[in-house]
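Every read-out reported here was derived from the displayed coordinates using simple, explicitly stated rules and does not represent laboratory data. Treat the numbers as computed from the prediction; the structure is a model and nothing was measured. Cβ placement follows ideal geometry from the backbone for every residue including glycine, while neighbour counts extend to all protein chains displayed.
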Protein chains: 2
Amino acid sequence: MAMFADRLMEAAARVGAPLCVGIDPFPALMNQRLFGDPRQDPEALVRFGTALIEATAPFAACFKPQLGLFEPFGPEGFAAARSLCTIARAQGLVTILDAKRGDIGSTAEGYALASLGPAPGFDADCVTVNPYMGADTLASFLTMAADRGKGVAVLVRTSNPGARDLQDLEVGGSPLWVQTARMIAPMTSPLLGACGFSGLMAVAGATYPAEAKALRAILPTSLFLVPGYGTQGAGARDALAGFVRGADGVLHGGVVNSSRGIAYPKEADRAASMAEWRALIANAARTARDDLASAATL
Amino acid sequence: MAMFADRLMEAAARVGAPLCVGIDPFPALMNQRLFGDPRQDPEALVRFGTALIEATAPFAACFKPQLGLFEPFGPEGFAAARSLCTIARAQGLVTILDAKRGDIGSTAEGYALASLGPAPGFDADCVTVNPYMGADTLASFLTMAADRGKGVAVLVRTSNPGARDLQDLEVGGSPLWVQTARMIAPMTSPLLGACGFSGLMAVAGATYPAEAKALRAILPTSLFLVPGYGTQGAGARDALAGFVRGADGVLHGGVVNSSRGIAYPKEADRAASMAEWRALIANAARTARDDLASAATL
């Protein structure tokens, strides 16, 4: 069984850049003429997500369904997100379930089974986890990940303004997020792939490139999941700040997520046909892929 | 529309103690002869939860479904947890959805809508939220709670061993959890009820009574959601350490959760009839209620 880190890095090499495409279904932004209104028919979520996966697969190292945008549609929304993981997996594509779960003991086991376990679980390749409750939050996810060739992405330094409220508070001379990174550093080895990176990922916001470099020093092998690229304002250079140059002269070390910038480009909400929509979406994904590929070789 | 804090305090007064009954479905502990095996038939979750609610309603101020133990059963497990919220609400019972969600912006809105919003949402009375990402994690939940007479329970100091890893780290002379409490203190007023308490709850582990007292000083009006009572080892006196004595001479200020101690008393897994099972469960709930009631008047 291939390790998650290797599968993700191979996918990035195949498409030519470390691009993660976010699947964020916003009814108000979706082209409802083509997909329907998920508030009336939750199957619209599956149609939209499937079309997004198909249009962007040549450019995406992985896909990140945002579970918080599926759950408002109830159990059918939850089921739709799971269907998209299944559809992506059937095509050999890598999925990171953005669920930001965080609990302990048997409840953490439950969340690990739900996100990374086989049906009726999502069987996603990786899941995002919130570390506030401590290292015991991570144990069940790591065990499941090691057993099933999966990954775990821990929130370390997020890209939102409120990240300052707790993550940046100074603890013993360093911000709290440094402590979070130090807490997970000893756990990276079991998920270390042949590529030299670990599937114990760190979520590291692209809006703080200096911090990404500092984080890399603490977590030399962790793959980074970088949000905040594109519509949240960070450019490709900044998004890759925590990456390291490989023997091939290219920056490696994680994936950079783009959600709205790819799924909702201008005009896509008014596209009259699926072919027209698909061309706009593919173009947005290609542009992001090229932007990241270019920055990675500079 | 009654405020959540008032509804919860009225329910506690009605049953005579601030007891929260956790709904934690463990297939290995459940009496499968009576309810079936949820791994084969997720409707078993609804049968188990409904029976638990019916048997303990005379003693429970509220019910706390642990979503992490429903999600492993897939969309049908998710649906079962929602059904239990609906069933409880139809009987005028208060629910706290233990989901520990935490995200920002439109995703936080999504989680708030899913947990506190009307169908297809859970329409729970309160939801647990993880504050690691900062104050902007809470905004959407608080808006939804204020609009719909609901509550929000923020993880402040949890009762697990790993709570030491981040929550206890020293920040400017105090542990991080004190900073979390200070961060939410200014947000309590919009959810303040006539009872004098706010529906912006703080999760405060019963295993650290000294900390509960310190937390009460920072959050004088927040209701506490106290885990760790019963099987996790804390007694009733400790669990009520952060409560305050009212004019009636009784300690008020939150609810104390018991999950396994009530849902899985000795012999219940071997009960041969529903009547026998119900008597054992009701007895366990009555014992917890009496224990808390007694400690609250000491």
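Each copy carries a label point for A:Arg182 at 7 Å from Cα along the beta-carbon vector; from one copy to the others these points are 2.1 nm apart, nearest first.
With the biggest extent put first, the Cα atoms of the protein assembly as shown measure 71, 51, 44 Å across the principal axes. Would you look at the GNM of chain A, springs on alpha carbons closer than 10 Å, and say which of A:Leu280, A:Leu225, A:Leu191 moves the most? Its mean-square fluctuation being the largest, the pick is A:Leu280. Model label sites at B:Glu43 and A:Met1, defined 7 Å from Cα along the beta-carbon direction, differ in position by 3.4 nm. Once you order the gyration tensor axes a ≥ b ≥ c over the Cα atoms, which shape class does the stretch B:1-58 get: rounded for a/c under 1.5, otherwise prolate or oblate by comparing a/b with b/c? Note, shape of the stretch B:1-58 comes out prolate. Ranked from shortest, the separations from the 7 Å Cα-to-Cβ label point of A:Ala28 to its equivalents in the other copies are 4.6 nm.
Please list log₁₀ I(q)/I(0) at q = 0.18, 0.21 Å⁻¹ for the stretch A:118-193, using the Debye equation with identical point scatterers on the alpha-carbon positions. One equal scatterer on each Cα of the stretch A:118-193 leads to -0.77, -0.96. Under the combined filter of DSSP loop state and at most 14 neighbouring Cβ atoms within 10 Å, the stretch B:169-235 retains none of its chymotrypsin sites (Phe, Trp or Tyr not before Pro). With respect to chain A, whose longest principal axis is taken over its alpha-carbon atoms, helix A:74-90 is tilted by about 80°. Label sites at B:Leu298 and A:Ser273, each approximated as a point 7 angstrom past Cα along Cα to Cβ, lie 7.8 nm apart.
Provide the gained length on full extension for the span A:Arg33 to A:Glu54, in nm with one decimal, where the gain is 0.36 nm per separating residue minus the Cα-Cα distance. Length gained between A:Arg33 and A:Glu54: 5.7 nm. If you take the Cα centroid of the stretch B:1-55 and the Cα centroid of the stretch B:83-154, the two points sit 18 Å apart. For the stretch A:1-136, the convex hull drawn through the C-alpha positions has a volume of 122 cubic angstrom per residue.
Rounded to the nearest 10 degrees, the angle from helix A:139-148 to the longest Cα principal axis of chain A is 60 degrees. Annotation for the stretch A:209-298: trypsin sites (Lys or Arg not before Pro) lying in DSSP loop with at most 15 further Cβ atoms inside 10 Å of their Cβ are A:Lys266.
Shown in residue order for the stretch A:128-133 are the 3J(HN,Hα) couplings computed by the Karplus curve 6.51 cos²θ - 1.76 cosθ + 1.60 at θ = phi - 60°: 7, 10, 9, x, 3, 6 Hz (x for Gly and Pro). Among A:Phe243, A:Phe26, A:Phe63, the largest mean-square fluctuation in a Gaussian network model of chain A (Cα springs under 10 Å) belongs to A:Phe26. Each residue of the stretch A:94-111 was assigned a 3J(HN,Hα) from its phi angle through the Karplus curve 6.51 cos²θ - 1.76 cosθ + 1.60 (θ = phi - 60°); the sequence is 8, 10, 10, 7, 8, 10, 6, 6, x, 7, 10, x, 5, 6, 4, 4, x, 5 Hz, with glycine and proline shown as x. Summarising the label geometry, the points placed 7 Å from Cα in the beta-carbon direction at B:Ala217 and A:Ala217 lie 3.7 nm from one another. Within the stretch A:162-235, all pairs of alpha-carbon atoms sorted by distance into 5 Å bins from zero give the percentages 3, 16, 24, 25, 17, 11, 4, 0. Computing FRET efficiency as 1/(1 + (r/R0)^6) for A:Ala210 and B:Ala194, where r is the C-beta to C-beta distance and R0 is 45 Å, gives about 0.35. Based on the reciprocal of the average 1/r between different C-alpha atoms, the Kirkwood radius for the stretch A:253-298 equals 11.5 Å. Computed from Cα atoms, the angle from the helix B:43-56 axis to the main principal axis of chain B rounds to 70 degrees.
Placing a label point 7 Å from the Cα of B:Pro58 along the Cα-to-Cβ direction, the distances to the matching points in the other copies come to 7.0 nm, shortest first.
Applying the Karplus relation 6.51 cos²θ - 1.76 cosθ + 1.60 with θ = phi - 60° to the stretch A:157-174 yields 3J(HN,Hα) values of 10, 7, 9, 8, x, x, 4, 5, 4, 10, 4, 8, 4, 7, 10, x, x, 10 Hz, where x marks Gly and Pro.
What is the percent of Cα-Cα separations in chain B that go past 27 Å? Within chain B, distances greater than 27 Å cover 37 percent of Cα pairs.
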